[in-house]
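Written below as structure tokens is the structure these notes are about.
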2 protein chains.
Amino acid sequence: MPLQLSVDRNSPVPLYFQLSQQLEAAIERGALTPGSLLGNEIELAGRLGLSRPTVRQAIQSLVDKGLLVRRRGVGTQVVHSQVKRPLELSSLYDDLEAAGQRPATRVLANTVVPATAEVAAALGVGEGGEVRRVERLRLAHGEPMAYLCNVLPVGLLDLESGQLEETGLYRLMRAAGITLHSARQAVGARAATRAEAERLDEPEGAPLLTMERTTFDDTGRAVEFATNVYRASRYSFEFQLLVR
Amino acid sequence: MPLQLSVDRNSPVPLYFQLSQQLEAAIERGALTPGSLLGNEIELAGRLGLSRPTVRQAIQSLVDKGLLVRRRGVGTQVVHSQVKRPLELSSLYDDLEAAGQRPATRVLANTVVPATAEVAAALGVGEGGEVRRVERLRLAHGEPMAYLCNVLPVGLLDLESGQLEETGLYRLMRAAGITLHSARQAVGARAATRAEAERLDEPEGAPLLTMERTTFDDTGRAVEFATNVYRASRYSFEFQLLVR
DNA sequence: AAGTGGTCTAGACCACAGC
DNA sequence: CTGTGGTCTAGACCACTTC
């Protein structure tokens, strides 16, 4: 029993995208089981009334996502999966919300300051140039989870403290039309200083997770430099890496 | 002065790949500066004696890598970069070697054991089924850096302790014809227990970086489950995330 | 209006896997 | 040998951006 597939030529959605979505949905709901063959491209194209390149484009996007494998002389198979969908650029706010933790934010600072050497290097602005600095305490269930310090180029977007208490920074950036593309991160650990310990309600010397992140938009501009500190007892990062 | 580009039709290397490599090299050596336009696809195709789809395929691969941006009605531009090449699936051995640290490995255990529930779930084998467990201490300059515990399906590859002392696990897997595709990681921190402290030459309670990783090959099979512990005073992770 | 990338077609030949 | 995906061509029309 072949899979039920069809495309709508009157839709503004590209045909290859319609097809790849249907295939992805079929894989996700188990209609296409791991290891099963997809049927050859030419036959599939004929069945759908599409050209082979269009079908290939649909399949290729799923290969890139890691859902399908192609083998010359064999065919296209559903991956022997366990691999779930890649995680998005981790956003603490979204993570907490998804976990049903009802995140809250306390804005500790939201000012324009001169860039330090480190910030200037990360954001690609001149040292001493103006940048916006936002310091926030992120809480879940009233308990502090992390101390977040973000530095952004001025003029990139309006950041009102009120908005920052309502939602996450990445959502505000996306809403401002910024297309996030990638982020370079460094994750480490260290013992809490006295000030950090107090802020995060941990004993002095408690292990903290640290993260430095520079985020880039789709034009390669650095749009944010973050130095965050998380309570290791309450939070860990999860993410998926792709091998190139 | 247009860029010097050419393709060799007698080469077994695909034409689109030849082109994308030349463009990438030109970007990397600065012959194509950030923000500069690439020239439209049809003209480029004509100049190289290629068809437009072939040129598009070359350009698309660089767009996927984040080196180029396309804008309808505008053209294809070199990204306003700072974004360096994405990091490979981080391998401690390679990281250390690249940093000139001359890594060494001490194999503490290399045995076949029954899978715990956690391992069984990660590797997709039956609970209690046989798996290979490798415990290693990784050193740099004679100092311990990390304690690595890897569990693999039996029969995936031969793992001799001698080889494990010579090189990294991922290199051995690649050499055995396994194509690594992606990894799901969780990174956290905690205070060192007494046993860990002793093994890593840290004081008890010192902050440690922890990582759990399940690695998948290109067919989606889980090929490794790792639980590693790093001295936070000596090591931090760097990696690049792509936003989807 | 002109120029760009985005999508799509209907073919073609080749390289590799499996029988 | 047969069937599969991998590569490539020479067009076409559309949507969007800029002037």
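The values are calculated or read from the model by the stated rules, or taken from the named source; none is laboratory data. Worth saying up front: this structure is predicted, and the values here are computed from it rather than measured. Cβ coordinates were reconstructed from backbone atoms using ideal geometry, including for glycine residues, and neighbour counts include every protein chain displayed. Please note that ligands, DNA and RNA were not included when accessible areas were found on the heavy atoms of the full protein model with its side chains. Shrake-Rupley method; radii C 1.70, N 1.55, O 1.52, S 1.80 Å.
Observations on the structure shown:
- Distant alpha-carbon pairs in region B:155-204 (separation over 12 angstrom), percent: 74
- Shielded by partner chains, region B:168-208 residues - at least 50 Å² of accessible area, 1.4 Å probe, vs chain alone: B:His181, B:Arg184, B:Gln185, B:Val187, B:Ala189, B:Pro207
- Structure remark: mean-square fluctuation, Gaussian network model of chain A, C-alpha springs under 10 Å; the largest value among A:Asp94, A:Asp64, A:Asp201 belongs to A:Asp64.
- Förster radius 30 Å - calculated FRET efficiency between B:Glu160 and A:Glu238 (Cβ-Cβ, nearest 0.05): 0.35
- Fluctuation leader among A:Ala109, A:Ala226, A:Ala195 - chain A, Gaussian network, Cα springs under 10 angstrom: A:Ala195
- FRET efficiency for A:Asn40 and B:Arg9, using Cβ-Cβ distance with R0 set to 30 Å, rounded to 0.05: 0.60
- Mean separation of Cα contacts under 8 Å (6+ apart) over length of chain B, as relative contact order %: 14
- Rounded, prolate or oblate (a/c below 1.5 giving rounded, otherwise prolate when a/b exceeds b/c) for region B:135-244 by Cα gyration tensor: oblate
- For the protein assembly as shown, the extents of the C-alpha atoms along the principal axes are 65, 59, 45 Å, listed from largest to smallest.
- Mean sequence separation of contacting Cα pairs (under 8 Å, at least six apart), scaled by the length of region A:94-175, corresponds to a relative contact order of 30 percent.
- In this simple spin-label approximation, B:Val113 and B:His141 carry label points 7 Å from Cα along the Cα→Cβ vector, and these lie 3.3 nm apart.
- Exposure of B:Ser161 as accessible area (Å², to 10), given a probe of 1.4 Å and all protein chains: 50
- Convex hull volume of chain A per residue (C-alpha atoms, cubic angstrom): 171
- Distances, shortest first, from the label point of B:Ala109 to those at the same position in the other copies read 4.8 nm; the point lies 7 Å along Cα to C-beta.
- Other residues whose C-beta falls under 12 angstrom from the C-beta of B:Arg194 contribute a net charge of -3, scoring Lys and Arg +1 and Asp and Glu -1.
- Hz values of 3J(HN,Hα) by residue in region B:176-193 - Karplus curve (6.51, -1.76, 1.60), Gly and Pro given as x: 7, x, 8, 9, 6, 10, 7, 8, 9, 10, 10, 10, x, 9, 7, 7, 5, 6
- Label distances, nm, B:Glu28 versus same residue in remaining copies, Cβ-directed 7 Å point: 3.6
- Dipole check for chain B: with +1 at the C-beta of Lys and Arg, -1 at the C-beta of Asp and Glu, and the Cα centre as origin, the magnitude is about 1060 Debye.
- Accessible area of B:Tyr147 in the full protein assembly, 1.4 Å probe (Å², nearest 10): 30
- Leading residue at positive end of dipole, chain B (Cβ point charges), from B:Ala146, B:Pro34, B:Leu96: B:Pro34
- Carbon/sulfur fraction of accessible area - region B:170-244, other protein chains in place, 1.4 Å, %: 46
- For region B:1-149, the share of accessible area belonging to carbon and sulfur comes to 51 percent (1.4 Å probe, ligands and nucleic acids excluded).
- Exposure check, 1.4 Å probe, all protein chains in place: A:Arg234 carries approximately 110 Å² of accessible surface.
- In region B:1-57, the C-alpha radius of gyration followed by the widest Cα-Cα span (Dmax) gives 11.2, 33 angstrom.
- Of the GluC sites (Glu not before Pro) found in region B:123-217, the ones in coil according to DSSP and having at most 15 other Cβ atoms within 10 Å of their Cβ are B:Glu127, B:Glu160, B:Glu204.
- Taking the Cα centre of the protein assembly as shown as reference, the dipole from Cβ charges on Lys and Arg (+1) and Asp and Glu (-1) amounts to some 1460 debye.
- Total accessible surface hidden between B and A, rounded to 100 Å², 1.4 Å probe: 4500
- Label-point spacing at A:Ser51 relative to the other copies reads 0.8 nm, in ascending order, each point sitting 7 Å out from Cα along Cα→Cβ.
- Compared with the direct C-alpha span, the chain from B:Ala25 to B:Arg72 gains 14.4 nm at full extension, assuming 0.36 nm per residue.
- Highest-MSF residue in chain A out of A:Leu15, A:Leu172, A:Leu164 [GNM, Cα springs under 10 Å]: A:Leu15
- Rolling a 1.4 angstrom probe over the protein heavy atoms with all chains in place gives chain A an accessible area of 49 Å² per residue.
- What the phi angles of region B:62-74 give under the Karplus curve with 6.51, -1.76 and 1.60, with θ = phi - 60°, is a coupling list of 7, 4, 4, 6, x, 8, 10, 10, 10, 9, 4, x, 10 Hz, glycine and proline written as x.
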